[in-house]
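The values are calculated or read from the model by the stated rules, or taken from the named source; none is laboratory data. Worth saying up front: this structure is predicted, and the values here are computed from it rather than measured. No Cβ is skipped: glycine too gets one built from the backbone with ideal geometry, and neighbour counts run over all protein chains shown.
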Amino acid sequence: MPHILVDHDASLREALDHRRFAHALHALAAETVDGITIESCKTRFRCVDEVVIAHDEPQQALIHVDFALLPGRSTDTKTRLAEAVLELVRARTAAATDRTVHASVEVRDLDAAYVKHVRPAAAAR
């Protein structure tokens with residue numbers, strides 16, 4: 001926890017450095033939300049080949065960040081995190097000056113049925 005999923009279209013592939021963006025997201029989450037550590041953050045990226053926006057105007061791009069937290073954070077905390085993440089997204093996609101970037105963030109609670117297991121790596125022989 002948290003689980004972060006970043007969906008973006010292929011036109012942002014070059015403008016968005018996944019590792020640097022993930023590291024910045026993790027640091028931002030740890031700074032913004034009590035109980036989150038960088039070590040607890042997990043980010044996945046999903047790049048899609050095609051996105052259709054409105055009437056399919058050219059030079060449009062989409063990026064959406066889904067930020068799932070354990071329940072118990074206030075709406076104010078989730079809103080502050082969403083706004084901070086959106087600012088980070090805007091900064092990290094600023095190089096895509098040849099297109100209109102549609103950016104969004106959702107901060108939500110994980111379902112009460114969320115469970116996890118971490119299996120440590122086998123010890124070196």
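Regarding the range 67-75, can at least one residue be identified that is of a type outside the set (A, V, I, L, M, F, W, C) and either within 23 Å of D9 (Cβ to Cβ) or within 14 Å of the chain's Cα centre (by Cα) (or both)?
Within the range 67-75, not a single residue is of a type outside the set (A, V, I, L, M, F, W, C) and either within 23 Å of D9 (Cβ to Cβ) or within 14 Å of the chain's Cα centre (by Cα) (or both).
Take T97 and decide whether it is among the hydroxyl-bearing types (S, T, Y), without any contact (Cβ under 8 Å) to a residue 40 or more places away in the chain and more than 12 Å from H8 (Cα to Cα).
On the way: among the hydroxyl-bearing types (S, T, Y): yes; without any contact (Cβ under 8 Å) to a residue 40 or more places away in the chain: yes; more than 12 Å from H8 (Cα to Cα): yes.
Answer is yes for this residue.
Just to be sure I understand the filter: pairs with C-beta atoms under 6 Å, separated by 6 or more residues or on different chains, first member in the range 107-121 and within 19 Å of T77 (Cα to Cα), second member modelled with pLDDT of 90 or more and part of a loop (DSSP other than H, G, I, E, B). Which pairs pass?
D109/P71; L110/L70
Considering each of A68, A95 in turn, give the residue that is modelled with pLDDT of 95 or more and either among the aliphatic types (A, V, I, L, M) or in a strand (DSSP E or B) (or both). Step through it out loud before you land on a result.
Values: A95 fails: modelled with pLDDT of 95 or more.
Exactly one residue qualifies, and that residue is A68.
Which is aliphatic (A, V, I, L, M), over 12 Å from V105 (Cβ atoms) and part of a strand (DSSP E or B), of A54, A27, A61?
Numbers: A54 fails: part of a strand (DSSP E or B); A27 fails: part of a strand (DSSP E or B).
Exactly one of A54, A27, A61 is aliphatic (A, V, I, L, M), over 12 Å from V105 (Cβ atoms) and part of a strand (DSSP E or B), namely A61.
Scan (1) loosely packed, with under 12 Cβ neighbours inside 10 Å; (2) under 15 Å from A103 (Cα atoms); (3) at pLDDT 95 or above for the single condition D7 breaks and write down its number.
D7 satisfies all of (1) loosely packed, with under 12 Cβ neighbours inside 10 Å; (2) under 15 Å from A103 (Cα atoms); (3) at pLDDT 95 or above except (1).
Consider R80 against the criteria (1) of a type in the set (K, R); (2) surrounded by 12 or more Cβ atoms within 10 Å (Cβ to Cβ); (3) under 12 Å from the mean Cα position of the chain (by Cα): it satisfies all of them except one. Which criterion is unmet?
Result: R80 passes all but (3).
Could you go through the range 40-52 and let me know if any residue there is out of contact with any Leu (no Cβ under 8 Å at 6 or more places or on another chain), surrounded by 12 or more Cβ atoms within 10 Å (Cβ to Cβ) and hydroxyl-bearing (S, T, Y).
Taking every residue of the range 40-52 in turn, at least one turns out to be out of contact with any Leu (no Cβ under 8 Å at 6 or more places or on another chain), surrounded by 12 or more Cβ atoms within 10 Å (Cβ to Cβ) and hydroxyl-bearing (S, T, Y).
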